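Below is one structure, written out as structure tokens; the observations come after it.
Since every read-out is calculated from the coordinates, none of them should be taken as a lab result. From a predicted model like this one, the values you see are computed outputs, not experimental measurements. Neighbour counts run over all protein chains shown; Cβ positions are idealised from the backbone, glycine included.
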Amino acid sequence: LVVGADGLHSNTRRLVLGPEEAFHRYLGHVFAGFTLPNEFGLVREAVVWNDVGRGAVLNAHEPADRLHGFLTFTRDDPPFEAFRDPRAQRELVAARFPERVWHLPRLVAAMRDAEDLFFDVVSQIHLPSWSRGRVVLAGDAAHATSFLSGQGSSLALVGAYVLAGELAARSDHTAAFAAYERRMRPFAERNQALATGGGTSVAPRTREQLEARNTVVRDPESAASELATPSARAARAAHSDLRLPDYAGRL
């Protein structure tokens, strides 16, 4: 058997099911992630700069001499032409952050020099089937939710558990693949839906979305109210909308 767990731009999927464009659902954001020296004294904290449709983040997970930089912006069309051209990626990102304000010049310079630049679009994958023959897809290769959902890693881990369990519990891989998809697809689709509701907390698309985000961040009462909204309750329900089978008891 072949398990394709090679991400949003899965080559396994391309070889088996065809070009990505047929399954790619672009969500209107481009981003670049990289590391840079921690010259800012940040420890277990993140600071964010925003304009409408653009965001810049400095994030320090732990006390360390390096931290994570993140630049993201909205764009109507996915820049497929830049995917295999690192120079084009750097130029595309730098052009969207020309201001000499906040730490933007330092972030752009670090992005240009970074050896660990990770450039991509915010997108999802929607497939008619997650398997063909003896090949099955898992994680983002099968059902990328995008980071806007906050559920990519969770779904990948749950999917791997379900796929392994169904393969262990059944002698026929075709039946195992079908059972895996039958269990996972509704869960994946419900979590994909979390990412398609409009603005994001990192790069709000409108001034109104940006002001609403800032209000929630600055005001604990607003933040508590936001967590109690129907949309927040729906998101929490989607996160746990699959009871993991006890495969050990079936073996």
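Ordering His61, Pro105, Pro79 by Cα displacement along the dipole of region 26-123 toward the positive end leaves Pro105 in first place; charges were set at the Cβ atoms of Lys, Arg (+1) and Asp, Glu (-1).
Full extension of the chain between Leu1 and Glu99 gives 30.1 nm of extra length, using 0.36 nm per residue less the Cα-Cα distance.
The ranking of Ser129, Ser123 by Cβ neighbour count inside 10 Å, starting from the fewest, reads Ser129, Ser123.
A value for mean projected area of the Cα convex hull in nm² was derived from the coordinates, and within the list [x] 33.7; [y] 15.6; [z] 16.4 it appears as [y]. Of all DSSP beta bridges in the chain, what percent run antiparallel (nearest 5)? The answer is about 90 percent antiparallel. Take every pair of alpha-carbon atoms less than 8 Å apart whose residues are at least six positions apart; their mean separation over the length of the chain yields a relative contact order of 22 percent. Considering only the Cα atoms of region 26-123, their convex hull presents on average a projected area of 6.1 nm². Only helical runs count toward this figure. For the chain, summing -39,500 (n - 2.57) over DSSP H runs of n ≥ 4 and dividing by all residues gives -12000 deg cm²/dmol at 222 nm. Between Asp113 and Arg182, the modelled labels are 5.7 nm apart [label points 7 Å from Cα along Cα→Cβ].
Here region 26-123 is assigned +1 on the Cβ of each Lys and Arg and -1 on the Cβ of each Asp and Glu. Its dipole about the Cα centre then comes out at about 160 debye.
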